[in-house]
Amino acid sequence: MIVDSALGLIENTPLIELKNIYDGPGRLFGKAEFIQPGGSVKDRAALYIIRDAYKQGKLVKGQGVVEMTSGNMGAGLAVVCNQFGNPFTAVMSSGNSPQRVKMMESLGARVDLVAQVDGVPGQVTGGDIDAATVQAIALAKETGAFYVDQFNNPACVDAHFCGTGAELWQDLGDELTAFVAAVGTGGTFVGCSKYIKLQNRNIHCVAVEPSGSEVLAGKPITDAKHNMQGIGYGLMVPHWDHSLVDHYIAVTNDEAEDYRKLLAVKESLHLGFSAAANVCASIKLMQSGLLGETPVVATILCDSGLKY
Ligand SMILES: Cc1ncc(COP(=O)(O)O)c(C=O)c1O
């Protein structure tokens, strides 16, 4: 297989059957998003957003690109911007792991760290995200850069409607009983669920949130701090479409930690906390009986564990 550039490694990721961690009844598949060049599912959104900005004349070669990121979108944008010829600056809360800074800088990005407001290192809150967003918007304005705005940019959803969701349908089709995904901006969940429900609206679409920060499920925040970086910001994300959701499932910090270990030892997959939360939620759901006796479930293995 020959690809044109690193951009050819984005999309068309394989499904891994997670037989060792869940041996039935039913089958559990994880979509290997961590094998993309930026190391996460966010490469897809980065590619769609930059391509779309060129198409719409909002971005030209050589112009700066700025985004508030928890690190994965930053790595994806660094990969994509290098290939399109745009200098990229990531504005990130200092609560995200230093490995993320290292990766973005090694890909040629500039990284501006913003002090945390109410979170602690490894646990980034909605307040921390707001502070980083204010700084990113100001920087883009000041420098005439294109501001990516992943929380509001519709290309973020399109990437998963046209890409991830369509790929899942192509690989599993009507065999699929449920799709399970944790929510950061909501791009992955909303884009995939829209595509899947358009094919067969009986397929269950299940949103995953950290316990205590289940805002999308309509619960009050009891604990804004959690270990699942990249998801669960404790805010109603603009892309959200409640009508797509059949169930909400919460995952605790301990469960995410335990499933990271299980995925590594049983499946030889060293992944991040949101991938672990997705697998944990999928198994809870399959064991609940809500999906029938032999469900087929697909979830997202969002990023590699190397950034933690
Ligand atoms: C590690 C990780 N998992 C999951 C997600 C969620 O993806 P989305 O923003 O499409 O909801 C993100 C987003 O940044 C992430 O960084």
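The values are calculated or read from the model by the stated rules, or taken from the named source; none is laboratory data. Computed from a prediction, not measured in an experiment: that's the story for all the values here. Every residue, glycine as well, gets a Cβ built from its backbone with ideal geometry; the counts of neighbours run over all protein chains shown. Surface accessibility is based on the protein's heavy atoms, side chains included, excluding ligands, DNA and RNA. Shrake-Rupley method; radii C 1.70, N 1.55, O 1.52, S 1.80 Å.
Need pairs with beta-carbon distance below 7 Å; first residue open to solvent by 10 Å² or more (accessible area, probe 1.4 Å) and within the range 69-82, second near the ligand (Cβ under 7 Å from one of its atoms); sequence gap 6+ or separate chains.
Note: pairs meeting the criteria are 70/229; 70/230; 72/40; 72/42; 72/230; 72/303.
Quick check on my filter: what residues within the range 134-158 are open to solvent by less than 20 Å² (accessible area, probe 1.4 Å), within 16 Å of the ligand (Cβ to nearest atom) and touching a strand residue (DSSP E or B) at 6+ places or on another chain (Cβ under 8 Å)?
Hits for the range 134-158 are 136, 148, 150.
Just for the range 174-218: of the residues that are assigned to a helix (DSSP H, G or I) and among the polar types (S, T, N, Q), which one is farthest from residue 247 (Cα to Cα)?
The selected residue is 199.
Looking only at residues in the range 83-133 that are touching a helix residue (DSSP H, G or I) at 6+ places or on another chain (Cβ under 8 Å) and part of a helix (DSSP H, G or I), which one is most open to solvent (accessible area, probe 1.4 Å)?
This residue is 83.
Within the range 38-68, track down each residue that is in a loop (DSSP other than H, G, I, E, B), more than 9 Å from the ligand (Cβ to nearest atom) and either crowded, with 24+ Cβ neighbours inside 10 Å or charged (D, E, K, R) (or both).
Answer for the range 38-68, where residues must be in a loop (DSSP other than H, G, I, E, B), more than 9 Å from the ligand (Cβ to nearest atom) and either crowded, with 24+ Cβ neighbours inside 10 Å or charged (D, E, K, R) (or both): 38, 39, 58, 61.
Please work out which residue is least open to solvent (accessible area, probe 1.4 Å), limiting yourself to the range 262-288 and to residues that are hydroxyl-bearing (Ser, Thr, Tyr) and away from the ligand (no atom under 16 Å from the Cβ).
Within the range 262-288, the match that is least open to solvent (accessible area, probe 1.4 Å) is 288.
Only one of these conditions is not met by residue 291: (1) more than 17 Å from residue 30 (Cβ to Cβ); (2) away from the ligand (no atom under 16 Å from the Cβ). Which number is it?
Condition not satisfied by residue 291: (1).
Please indicate, with yes or no, whether at least one residue in the range 20-37 is under 30 Å from residue 178 (Cβ atoms), more than 12 Å from the ligand (Cβ to nearest atom) and part of a helix (DSSP H, G or I).
yes
Looking at residue 235 and the list (1) away from the ligand (no atom under 11 Å from the Cβ); (2) modelled with pLDDT of 95 or more; (3) among the hydrophobic types (A, V, I, L, M, F, W, C); (4) in a loop (DSSP other than H, G, I, E, B), which single condition is not satisfied?
Only one criterion is unmet by residue 235, namely (2).
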